[in-house]
Structures are given as structure tokens and as C-alpha cells.
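Below is one structure; the comments refer to it alone.
The values are calculated or read from the model by the stated rules, or taken from the named source; none is laboratory data. These numbers were taken from a predicted model, which means no experiment stands behind them. When we count neighbours, we look across all protein chains shown, and the Cβ atoms used for this are built from the backbone with ideal geometry, even at glycine. Surface accessibility is based on the protein's heavy atoms, side chains included, excluding ligands, DNA and RNA. Shrake-Rupley method; radii C 1.70, N 1.55, O 1.52, S 1.80 Å.
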Amino acid sequence: MERSGDGQAGSGRGNAVGFRPLYRQVYDTLLKRLADAVWQPGQILPSEGQLAAELGVSQGTVRKALDALTADSLLVRRQGRGTFVADHDDKQSVFRFFKLRPDGDGTGMPTSQVLSITEAAASADERGRLDLVRTARVVRIERVRSIDGRLCVSETISVPASLFPGIAELELPNTLYSLYAIRYGITIATANERLKAVALAEREAGLLQAPKGTPALEIDRVAVDLEERPVEWRLSTCLTQDIHYLSVLR
């Protein structure tokens with residue numbers, strides 16, 4: 001890893017095309033290790049001193065890179081214990097991607113019930129959302145979710161069959177992103193969501209035990225892994241009488 005005399009990367013030309021601060025180079029190096037599953041979800045990382053010695057940079061540079069990875073919810077700092085790879089079963093990680101909250105008291109923790117899992121040829125919408133070739137196949141997961149015991153979400157989840165072999169035969173956990181990471185080495189880094197007000201169609205109304213035409217929130221999400229591949233398309237229909245969508249802007 002190249003350093004310049006002022007502690008920044010490159011040849012010292014800070015305005016050069018492609019210039020990246022040294023801590024961002026360390027960030028990229030550690031991100032690549034996460035993508036390659038060198039460290040597993042829940043595993044503790046080497047100390048800042050060890051990483052600094054290995055990479056030939058200062059502890060401060062490593063700390064800054066770890067802070068950035070923590071801010072991106074890829075790592076978790078635990079006081080007095082160290083830095084760990086984020087596990088999507090952790091409450092912090094669950095709520096990074098699950099933005100629905102109860103209006104009143106309650107933990108807001110979601111639970112899920114799988115209704116069906118099927119493998120089929122990808123539809124045009126699935127090919128477009130997941131950047132798949134025409135002959136690709138997907139696994140579709142249909143399930144409903146509850147918040148604090150209240151049924152409120154119906155969702156269809158599509159993933160490329162080639163990336164998740166055998167997933168249709170598994171007993172799926174409540175938090176799918178944990179399964180993706182542990183069994184398939186696929187860590188969700190970001191998710192792009194589009195929100196839209198809709199009226200419950202007949203099928204969703206039946207699943208959510210609500211009258212057809214009830215106002216609802218549709219969340220169209222594409223989840224992207226550490227290698228910047230779209231790996232999951234999730235379409236959720238949500239009843240919002242007693243819950244809301246929480247977005248924190250920074």
C-alpha cells in the first residue's frame with residue numbers, strides 16, 4: 001500500500017485523477033476481505049495495532065477506516081471487546097434495513113412466516129431489477145411479517161438461483177441477510193428503496209387479513225452486495241395504520 005510523505009496515498013499529487021486518501025485505501029482493503037469472507041459475520045477483527053503493522057500504516061489511519069466501515073454498518077464496535085463483523089441477526093443490523101416502526105410502545109422487532117418458496121424462470125421485471133440474462137432463473141420467497149405480533153407486511157423476495165443454490169430446500173430464518181452471509185458468503189452492503197402509496201390488491205388483502213382497497217405502503221427494494229451486484233429484489237406491501245417508516249437523514 002503506497003504512502004506519500006504527508007500521510008496520503010499516491011505520488012503526492014492530491015488533485016490527480018483517482019486520488020484516494022490513505023484511509024480509503026485501507027477501507028477498500030478491509031472491504032475486499034469482507035467480500036472474500038476472510039472474516040465471517042460475528043467474528044472479531046485483529047486489533048488496530050495488528051492491522052496497522054500488517055498494512056504498513058498508522059493506527060490512526062486504520063481507526064479511521066474502521067470508523068467508516070462501522071458507519072456503513074459493516075462492522076460493529078463493542079466497548080471493551082473489540083471490532084466485529086456485523087451479523088444481520090444483531091438488532092442494530094436488523095434495523096439498518098428494516099425501517100418500519102410501531103407508532104406507540106413496543107420493540108418493533110419483526111417476525112416472519114414463509115408461505116412458499118419456488119424456483120422459476122426470471123420474469124422481465126426480475127431480470128431488470130437483478131441485472132440477469134434472459135435465461136436466468138430465480139428463487140421466489142413469499143412471506144408475511146409481523147411487528148410485535150401484529151400482521152402488517154406481505155412480501156415477495158426474488159434472488160438469483162445461481163447465487164443461492166439449494167436455498168429453496170432450507171428452513172429460512174427470520175433475517176435472510178444473515179443466511180446470505182453465513183451460508184453463501186454474500187454480505188448485503190446497501191439497499192435502494194422506492195416508496196409508493198398503493199391500495200391493497202385482493203391477494204395482499206387476503207394475506208394481511210384486511211379489506212381490499214385499504215391504503216398501504218409499497219416498498220420496492222434492490223439489495224446490493226459488497227461487490228456491487230444486485231442480489232435480491234424485494235417487493236413489500238405494508239399496512240401503516242399503527243406503524244410508520246423511519247428514515248434518518250445525515
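Highest mean packing comes first when the peptides 63-76, 122-135 are listed by Cβ atoms within 10 Å, giving 63-76, 122-135. Protein heavy-atom surface of the chain, 1.4 angstrom probe: 48% of the accessible area is carbon and sulfur, with nucleic acids and ligands not counted.
Among the listed values (i) 44, 40, 36; (ii) 76, 47, 39; (iii) 67, 48, 36, the one matching Cα extents along the principal axes in Å as calculated from this structure is (iii). Rolling a 1.4 Å probe across the protein heavy atoms gives the stretch 57-154 an accessible surface of 50 Å² per residue.
Using C-alpha pairs below 8 Å separated by at least 6 residues, the relative contact order for the chain is 16 percent. To test your reading of the geometry: what angle, between 0 and 90 degrees and rounded to tens, separates the Cα axis of helix 59-71 from the longest principal axis of the chain? For helix 59-71, the angle is close to 10 degrees.
In the stretch 95-230, Cα pairs under 8 Å separated by at least six residues give a relative contact order of 19 percent.
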